[in-house]
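Each remark here refers to the structure printed beneath this line.
The values are calculated or read from the model by the stated rules, or taken from the named source; none is laboratory data. Given the structure is predicted, the values throughout are model-derived calculations rather than measurements. Cβ placement follows ideal geometry from the backbone for every residue including glycine, while neighbour counts extend to all protein chains displayed. Remember, those area values only see protein heavy atoms, side chains included, never the ligands or the DNA or RNA. Shrake-Rupley method; radii C 1.70, N 1.55, O 1.52, S 1.80 Å.
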Amino acid sequence: MRLILVGPPGAGKGTQAVALAAHYKIPHISTGDIFRANLKNGTELGKQAQSYMDRGELVPDSVTNEMVKDRLGNSDVANGFLLDGFPRNTNQAEVLDAILLEKKMPLDAALELAIDNSEIIRRLSGRRTCRNCSATFHKDFEKPKFDDICDKCNGQLYQREDDKEEVIARRLEIYSQQTAPIISYYKKAGILKSISAIGDVSEITQKVISLLK
Ligand code: AP5
Ligand code: MG
Ligand code: ZN
């Protein structure tokens, strides 16, 4: 299964990606998580990405495309992969197609998670993310067992810099201007599947699995 997840910030791409990657036994590749890991480790890539991420802007394609190309060179993608947060504009979608064409590994599906803005704001403003393993929780909808402690690894939970209200608004703008056009790109390619991202997390996962059968 070679799959990409498309949807606005807070649609639940990361949440669904974890469950789907486990189900299909494929690696979950999140460009946002890779950038945050680099930020945490103080790498050159992290330094390049930080100012864009903090403002809710896209990191330049030259940086992002190289990073993804590199990641897709890893042998663990041989049996499939799930991309979360990439591509995020038409140029990235075209670059991805070129990389996969060369590897003779076309995408099976582009899955759109559809959600409205008011629900996005509720989700993002309450999200808590693990500094250590990137697991996500929500202070009301997906509470960790202990406040500010990750259920999975006991790491510390924090609020992402870009989950503050002003930055959320900018991310939504960027999504509708730059990312939403890739939905019609995949529709034209005949591989778009859309599903509502509202409802119980595990019910959504089950619906996706049936849809992709
Ligand atoms: P990235 O990390 O990809 O952020 P995003 O797209 O804004 O998406 P999020 O991670 O915020 O949301 P999500 O859909 O994963 O939702 P989640 O599952 O966590 O990117 C961050 C930044 O990195 C970008 O702004 C950019 O600067 C840079 N970047 C990354 N990729 C790039 C690229 N390709 N090109 C250029 N720059 C790039 O869920 C959200 C919350 O809701 C959680 O608290 C969760 O618990 C809760 N929740 C989830 N599902 C449900 C449900 N069904 N019901 C109730 N609550 C739910
Ligand atoms: Mg995410
Ligand atoms: Zn953790």
| Single unsatisfied condition, ARG2 versus (1) within 13 Å of the chain's Cα centre (by Cα); (2) away from ligand 2 (no atom under 16 Å from the Cβ) | (1)
| request: With the checklist (1) in contact (Cβ under 8 Å) with a residue 24 or more places away in the chain; (2) buried (at least 19 other Cβ atoms within 10 Å of the Cβ); (3) of a type in the set (A, V, I, L, M) in hand, flag the one item ALA49 doesn't pass. | output: (1)
| Is there a residue in the range 126-148 that is more than 16 Å from ligand 3 (Cβ to nearest atom), without any contact (Cβ under 8 Å) to a residue 24 or more places away in the chain, touching a His at 6+ places or on another chain (Cβ under 9 Å) and part of a helix (DSSP H, G or I)? | yes
| request: Could you check GLY56 against (1) of a type outside the set (A, V, I, L, M, F, W, C); (2) open to solvent by 20 Å² or more (accessible area, probe 1.4 Å); (3) within 29 Å of SER194 (Cα to Cα) and say which number it fails? | output: (2)
| In this structure, is LYS69 at pLDDT 95 or above and crowded, with 21+ Cβ neighbours inside 10 Å? | no
| said: Out of ARG171, ARG122, I need the residue that is part of a helix (DSSP H, G or I) and open to solvent by 80 Å² or more (accessible area, probe 1.4 Å). Which one? | reply: ARG122
| task | Those residues that are in a helix (DSSP H, G or I), open to solvent by 10 Å² or more (accessible area, probe 1.4 Å) and within 22 Å of LEU45 (Cα to Cα), I need them from the range 88-99; list them, please. | result | ASN91, VAL95, ILE99
| Among the residues of the range 1-34, how many are assigned to a loop (DSSP other than H, G, I, E, B) and open to solvent by 50 Å² or more (accessible area, probe 1.4 Å)? | 2
| request: Kindly provide the set of residues from the range 35-87 that are assigned to a helix (DSSP H, G or I) and hydroxyl-bearing (Ser, Thr, Tyr), ordered by number. | output: SER51, TYR52, SER62, THR64, SER75
| message | Within the range 136-143, does at least one residue satisfy the condition of being exposed (fewer than 13 other Cβ atoms within 10 Å of the Cβ) and either at pLDDT 95 or above or touching an Asp or Glu at 6+ places or on another chain (Cβ under 6 Å) (or both)? | response | no
